[in-house]
Amino acid sequence: MIEQKVVTPEQLFFEAEREEQFITGSEAIREAIKSANVDMAISYPITPQSESMHLVGDIFAEGYIKEYFRGENEFAVMSSVAGAAMAGVRVFTATGGPGTLRAFEMFPTWSGSRLPIVCAFMTRGINSPLTIQPDTLEMAYMLDTGMLMLHAENGQDLYDMVLKAFVIAEKPDVHVPVGVFADGFFVTHTRDKVNIAPADMKLPSYNPNCAPVPAMDMETVPFRQMRDPFVMKSNFISYAAHASWQQEILAAAERARKYIDSLLGGLIEVENEDADILIIASGTAVSQSREAIQQAKSEGLSVGLVKIKSLRPFPTEQIRRLAAKAKAVIIPEFNRVGWLCREVKTAVDDTTKVVGAPRVFGGMTMPPQLIVDEIRRCANE
Amino acid sequence: MSKKTSIRMSGLGGQGVVTAAHILGNAAFKDGLVSTVNPFFGAEKRLAPAESYVRIDTQSIYERGEVLFPNVIMIFHPHVITMGKCYTMPFFDGLQENGIIIANSEEVPQLGDDDLAKLARLNAKLYYFSATQVALDVGGTELASNMAMLGALLGVKPLVSSKSMKEALMERFGGGRFVASGTTAALDDELKGKYEKISELIEQNMEVMEAAGSAVKEFVI
């Protein structure tokens, strides 16, 4: 193994001197995992994720990770990752698009088993027709798995979120899996400046003794339920246990808010919040919005921006408060269904001011001009 | 005021469109400019359409994905024009006023009267030359065609310094840090096999770039 100095998360995230590198999102994953003190990583290729886990394989060869192998498909990978986490080691994997759906049964299983797995999702379109291009549709399916969900805008976010995800996931009062989402190609294949902490520093190792549930043991509750599941009893206690267990997972996600606040600086980032028109977005739709806001400014239009970094837990209260002051709320999205628009509509008091547009999908780029069109329309109403 | 230059490179899989963008963007980064680079392609295979995009500015660049409104369009193969092997139709869709087109083509690129009229209205400049021939004559391999295209670009519009260009080339081919996909790695190996030493590869490619800069011809629209 490579010699690295164990430092506190705060030292690694906030104090260590960083080096500016011109790298892709996939390379940002490699750099994050170098410092994440990961015990085990399991991979299965799918564009646009393949390079990320390929690069993680390279650093396994260099001695940054104890164990690495390729699974037989995404479902097998996510199951193997669950096994490793149950046994008490820190694991990492990544997938995207159809791979996410192929593995889907495992995501609520991870949450239900209170496994602090970190998985990166490099989003792409879902079949059919077949596409490898960016589209955030898969995130709609992930919203109710019990996993925490962070959405990266760029390579810098991806690097920081992956590292911080381990710390958040492993807090004893949280201890649920975290998905870090990045838009395929727009982040994974885009070369940009990313500030990286020194690779000779790493996070403290995972301490499975701090888990709220014991490492898997067939004789100890609750994991005895694997051998002796609630369903076999089919009595009142078993149903009540199941119901309260699910509530506890939602409560765990709620308890993550304070850690997201302290480590990521909040679930949202807001610019110019007093503007009449507000754009609410996540991922690279935020970047396109920044460009649109600059153009609108040159036309004398003042527009605010809310970047959502955490989708689970969702910043419900903040969104409700911000939207209350605005005349119109524009939600640009890289998917057909408009899942972020739905989320925002459940949070705000007056849904009539929410504009679910523009939506660009199937792998196309969102021209900032389309967002400017919506801004002009709202300004003229 | 933003001085952003947006470049769209359209070519065919295997021609080095992605590599050219990477080297140009990295050179801009080394010159202290702000740059983002990203490729777009479908299933990775030779001769399939492949595009890459380079944005260079003196201030932060937020916009992601395809360059929809380019200042410069680089056409690596005539099929981009004649067979629609690109992600926009026509290939110069979105070209900005006073925009530049550089085509790897022995002949004047085949453009209809309508297209020429549109380009004239944009006050566009059209340059062409056989990048492939320059690569063969000077570099000894057509695999250097993408370097010839970069040379032509710098001949027409000196966006980055030749010193940074050389450093970026060195980093791409000289070090062990670059990870390429299987097909790109195979082409890298073939390219490296053409030269005795990496230093020779770098020098020859720099010469290809220089020769291309003076080989490019303007077609007056």
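Quick note: the coordinates plus some simple rules give every number you see, no bench work behind them. Since we're looking at a predicted model, the values are computed, not measured. Heads up, the Cβs are rebuilt from the backbone with ideal geometry, glycines too, and the neighbour counts pull from every protein chain shown.
Some notes on this structure:
- Arranged from fewest to most other beta-carbon atoms within 10 Å of their beta carbon, A:Arg18, B:Arg64, A:Arg30 become A:Arg18, A:Arg30, B:Arg64.
- Counts of other chain beta carbons within 10 angstrom of each beta carbon in peptide A:44-55 average 1.
- Chain A: most fluctuating residue of A:Thr365, A:Thr93, A:Thr136 per GNM, C-alpha cutoff 10 Å: A:Thr365
- Going by neighbour counts of Cβ atoms within 10 Å, the residues A:Met201, A:Met139, A:Met1 line up, fewest first, as A:Met1, A:Met201, A:Met139.
- Shown for A:Asp173, B:Asp188: other C-beta atoms within 10 Å of each C-beta, ranked fewest to most, produce the order A:Asp173, B:Asp188.
- Test item: A:361-372 mean partner chain Cβ contacts at 10 Å: 3
- Average partner coverage of B:30-41, which counts Cβ from other chains inside 10 Å: 4
- Dividing the summed -39500 (n - 2.57) terms of all DSSP H runs of n ≥ 4 by the residue count of chain B sets its mean residue ellipticity at 222 nm at -11500 deg cm²/dmol.
- Annotation for segment A:299-366 versus segment A:140-162: alpha-carbon center distance of 17 Å.
- Rg/Rh, computed from the Cα trace of the protein assembly as shown with Rh as the Kirkwood radius, has the value 1.00.
- Every helix of 4 or more DSSP H residues in chain A counts as -39500 (n - 2.57), and over all residues that averages to -11500 deg cm²/dmol at 222 nm.
- For the residues B:Ala135, B:Ala186, B:Ala103, a GNM of chain B with alpha-carbon springs under 10 Å puts the largest fluctuation on B:Ala186.
- Of B:Lys157/B:Lys217; A:Lys34/B:Lys192; A:Lys5/A:Lys258, pairs whose Cα-Cα distance is over 18 Å: A:Lys34/B:Lys192; A:Lys5/A:Lys258
- Percent of C-alpha pairs per 5 Å bin in segment A:222-381, short distances first: 2, 9, 16, 17, 15, 11, 8, 6, 6, 5, 3, 2, 1, 0.
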